[in-house]
Amino acid sequence: MAEETKQTPKLELIRASEIDPKSVEWLWYPFIPYGKVTLVQGDPGDGKSTFLLTIAAMLTKGEPLPFTEPETLPEPMCVIYQTTEDDADDTIVPRFIRANRDREKLIFINEKEAPISFDDARIEAAIKTTGAKLLILDEPTSSLNEEDSQMLLDMMI
């Protein structure tokens, strides 16, 4: 069996003068930009999942996020929420019910056939199908393969 050789990508340099600047659009200024990765990091038990679920809940009802003073209330939006730490049926959805949130706008990608990976085509399809404006991967490193997990960890360092 022939050994695969890893090819080094071609070096391509781009000068800043060749880049057209564009402004950043914000879901929640200055914390969560649209179209970018936002990491919420902390020790176990710090409340990261509760924080993320609270943000998702507010967005599904069209409520303004903390520290904002919008001129008009935001439109309710769909949020895709994936977690490996808590089950949807006994933790996530009951929290939504208690908070009187819009359960129709909180969406989960079914992982029965296969777990979600970082470059999974189902993520893009779910966003396009639902029009979701936020994708939350709660505890992503526990649901990703080793290569994807390492890529995320490398990005965090």
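The values are calculated or read from the model by the stated rules, or taken from the named source; none is laboratory data. It should be emphasised that the depicted structure is a prediction, and the values quoted were computed from it without experimental measurement. Please note: Cβ atoms are built from the backbone with ideal geometry, for glycine as well, and neighbour counts cover all protein chains shown. Keep in mind that these areas ignore ligands, DNA and RNA; they rest on the heavy atoms of the full protein, side chains included. Shrake-Rupley method; radii C 1.70, N 1.55, O 1.52, S 1.80 Å.
The table that follows gives values for the structure above.
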| read-out | value |
| --- | --- |
| Packing-based ranking, highest mean first, of 56-64, 80-88 given that Cβ atoms within 10 Å are counted | 56-64, 80-88 |
| Cα gyration tensor shape of the chain, rounded if a/c is under 1.5, else prolate or oblate by comparing a/b with b/c | oblate |
| Proximal lysines to LYS6, defined as alpha-carbon separation beneath 28 angstrom and excluding residues fewer than eight positions away on the same chain | none |
| Test item: Cα-centred dipole of the chain, Lys/Arg +1 and Asp/Glu -1 on Cβ, debye | 580 |
| Of LYS48/LYS112; LYS105/LYS128; LYS36/LYS112; LYS10/LYS36, those spanning more than 19 Å from alpha-carbon to alpha-carbon | LYS48/LYS112; LYS36/LYS112; LYS10/LYS36 |
| Principal-axis tilt of helix 48-61 within the chain, Cα atoms, nearest 10 degrees | 60 |
| Solvent-accessible ranking of GLU113, GLU104, GLU18, largest area first, probe 1.4 Å | GLU113, GLU104, GLU18 |
| Rounded percent of accessible protein surface that carbon and sulfur make up, the chain, 1.4 Å probe | 51 |
